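Let me begin by presenting the structure, written as structure tokens, before commenting on it.
A short reminder: the numbers here are calculations on the coordinates, not readings from a lab. This structure is a prediction, so every number in the text was calculated from the model and none was measured. All Cβ positions, even for glycine, are placed from backbone atoms using ideal geometry, and neighbour counts span all protein chains on display.
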Amino acid sequence: MADYQTWLPELRQLGVAVIAASVDTLENARKTVDVQKLAFPVGYGLDYQDISRRTGAFIEHERKILHATGFLLKPDLKIHVAAYSTGPIGRLTPNDVTAVVRSATQKETQGAKPC
């Protein structure tokens, strides 16, 4: 999440709101926010099985966690891009997000219909 914090000014300039959520307890989520100095909302206490059913996120039953799952939503809140990870790699990066948003914005200004 620290990488999103670093990119937050640029993301906001592009009109992107960053939101994170976790199965962590409130106490652990607050520690993450404090340690990484996050300035965007971080949800906590998600039910990993429920979220997996709803989103398709991969889970690890032993640790009762969700693997990283990222969504870039369009202004109408429909999913534009989704990234599902089964381990420590394969995440939707802030660089990916800015590239996709810039591309969509450029197409829109050129008269193409956005995705």
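Matching residues to (1) free of Cβ contacts under 8 Å to residues at least 60 places away in the same chain; (2) in contact with a Leu (Cβ under 7 Å, 6 or more places away or on another chain); (3) not aromatic (Phe, Trp, Tyr):
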position	(1), (2), (3)
Gly15	no, no, yes
Ala20	yes, no, yes
Val23	yes, yes, yes
Lys31	yes, no, yes
Ala39	yes, yes, yes
note = Within the stretch 1-13, restricting to residues that are without any contact (Cβ under 8 Å) to a residue 40 or more places away in the chain, surrounded by fewer than 16 Cβ atoms within 10 Å (Cβ to Cβ) and under 15 Å from the mean Cα position of the chain (by Cα), the one that is nearest to His67 (Cα to Cα) is Ala2
remark   = Selection from the stretch 34-59 of residues more than 15 Å from the chain's Cα centre (by Cα), closer than 25 Å to Val101 by Cβ and assigned to a loop (DSSP other than H, G, I, E, B) yields Lys37
ask   = How many residues are touching a Phe, Trp or Tyr at 6+ places or on another chain (Cβ under 8 Å) and surrounded by fewer than 12 Cβ atoms within 10 Å (Cβ to Cβ) when one looks only at the stretch 41-59?
value = 1
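Across the stretch 1-33, what is the number of residues that are among the β-branched types (Val, Ile, Thr), under 22 Å from Glu60 (Cβ atoms) and assigned to a helix (DSSP H, G or I)?
1
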query = Are any residues in the stretch 60-89 surrounded by 15 or more Cβ atoms within 10 Å (Cβ to Cβ) and not in a strand (DSSP E or B), and if so, which ones?
reply = His67, Ala68, Ser85
